[in-house]
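Nothing in this text is a laboratory measurement; each read-out follows from the coordinates by a stated rule. Here the structure is a predicted model, which means the values were calculated and not measured. Note that each Cβ is placed from the backbone with ideal geometry, even for glycine, and that neighbours are counted across all protein chains shown.
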Amino acid sequence: MVDLKKIAEQAIALHQQGNLAEAERLYFQLLEADPALFGPRYYLGVMRLQQGRNAEACGYFGEALRVYPNDLGLVMNYGMALRASGRPQEALEMFERALAIQPDLPEALYNRGVALSDLGRFEMAVDAYERTLVRQPEMIAALLNRAAALAALGRVDDALAG
């Protein structure tokens, strides 16, 4: 009998080592053995995101979301893949979902701000970046994006003040 747990552990280890082709083969083997599994779909999504194959990542993450709709890592990665696929409104929904799971998570607040900026909602983006900086004041990306959002609002002096 096939030991799915052992295959999954081996697939994840290979993935972490950068042996993507072999990890992918094992992920597909796991899905063939049990099509309802969450892990292989999630990790295939992560792999596709790492490869810049964002639309494929969205497909895998969407399937995995039906199995575990409140998995924080999945929701965050799905949001990243949606944003990279040029789907900022859906990305925003994922980051808001992440915040519903773990309120005030700096990464979710920051990415919510980025998605809001993508949508041209700069006032709301500034608020998201400021909430991020309260929790993680050293996050340079949040400082820079906050300044860019303020500049987009015509608040150049505020943007320069930091």
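If you build a Gaussian network model of the chain, linking Cα atoms that sit under 10 Å apart, which residue out of MET80, MET124, MET47 swings the most?
Answer for the Gaussian network model of the chain: MET124.
With viscosity set to 0.692 mPa s and temperature to 37 °C, compute the Stokes-Einstein D of the chain, Rh being the Kirkwood radius across alpha carbon pairs; µm²/s, no decimals.
The diffusion coefficient I find is 194 µm²/s.
Give the residue list of trypsin sites (Lys or Arg not before Pro) in region 91-152 that are DSSP loop and have at most 10 other beta-carbon atoms within 10 angstrom.
On the way: sites: ARG97, ARG112, ARG121, ARG131, ARG135, ARG146; in loops: ARG121.
Hits after loop and neighbour filter: nothing returned.
Springs between alpha-carbon pairs under 10 angstrom, Gaussian network model over the chain: which of ALA21, ALA57, ALA115 fluctuates most?
Of ALA21, ALA57, ALA115, the most mobile in the Gaussian network model is ALA21.
Specify the angular offset, from 0 to 90 degrees and rounded to the nearest 10, of the alpha carbon long axis of helix 54-67 from the longest principal axis of the alpha carbons in the chain.
Here the helix axis deviates by roughly 70 degrees.
Taking the chain as a Gaussian network, Cα atoms linked when under 10 Å apart, which of ASP34, ASP104, ASP127 shows the biggest mean-square fluctuation?
ASP34
Return one quarter of the surface area of the convex hull spanned by the alpha-carbon atoms of region 75-138, equal to its mean projected area, in nm². Intermediate values should be presented prior to the final figure.
Details: hull surface 15.0 nm².
So the mean shadow area of the Cα hull is 3.8 nm².
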